[in-house]
Amino acid sequence: MALEPRRPIAAAAHSRAAASLARRVLTVGLAAAIVALSAQVVVPLPTSPVPMTLQPLAVIVIGALLGPASGAAALVVYLLAGATGLPVFSAGRAGAAWLIGPTGGYLLAFPVAAAVVGAITARSARAGRAGVLRLLAGLAAGIAVIHAGGVAHLALLGGDPATAFRTGFIPFLTGDLIKIGLAAAIVLLARPSLRSRL
């Protein structure tokens, strides 16, 4: 009989754990949906087979806000959704073929980029210049991972690393710097309230 009072405590702990898991699953799904929406903002580039989209911005923000595990999970969910036929890739495209086409390297690098950003920025919540610099470094690292995957894949497809770098990285440089700045502002504004709910 002495063990009876522990049952409500165990039940409450189980309920809290279930609610926390549900929130994380919902957050991962919402993050995947945000990346899908960002993919619909497409600017074709005449000098590149890869269009400019808001996906990299969404990827690095998600990595910084959700952390390495949940951030990477959200991007895996996004890729699985697109590969199985949901129109979540750029301009509403879908299908596994997009993972081996010109944009495939960028897409496949998304989960890794989110994980890298999350790992680097995990300690950047502290106030002050050091925290902001760590956040910027993490966001820049995420962009670098995305381009490393994209350029490497273009080099494999075309057989010319120099052309792959020229068409798969250079046209995006200015836009990526802007995205890093925007991502930092979004993270600094959103992280305090989001972290308190997860």
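Overview of results
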{"item": "Positive dipole terminus of the chain, leading residue within V117, P49, Y106 (C-beta point charges)", "result": "V117"}
{"item": "Trypsin sites (Lys or Arg not before Pro), loop per DSSP, at most 16 other Cβ atoms within 10 Å - longest free stretch of the chain", "result": "1-92"}
{"item": "Under the span-like rule (Cα at least 20 Å along the axis, Kyte-Doolittle mean at least -0.5), DSSP H helices of the chain", "result": "6-38, 55-83, 104-121, 129-158, 173-197"}
{"item": "Charge dipole magnitude, Cβ of K and R +1, D and E -1 - the chain, Cα centre, debye nearest 20", "result": "840 debye"}
{"item": "Among A119, A162, A64: highest mean-square fluctuation, GNM of the chain, C-alpha pairs under 10 Å", "result": "A162"}
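Where a number appears in this text, it was derived from the coordinates with a stated rule and is not lab data. Bear in mind that the values here come from a model prediction, so they are computed numbers and not experimental data. Here Cβ is always computed from backbone atoms with ideal geometry, including for glycine, and neighbour counts include all displayed protein chains.
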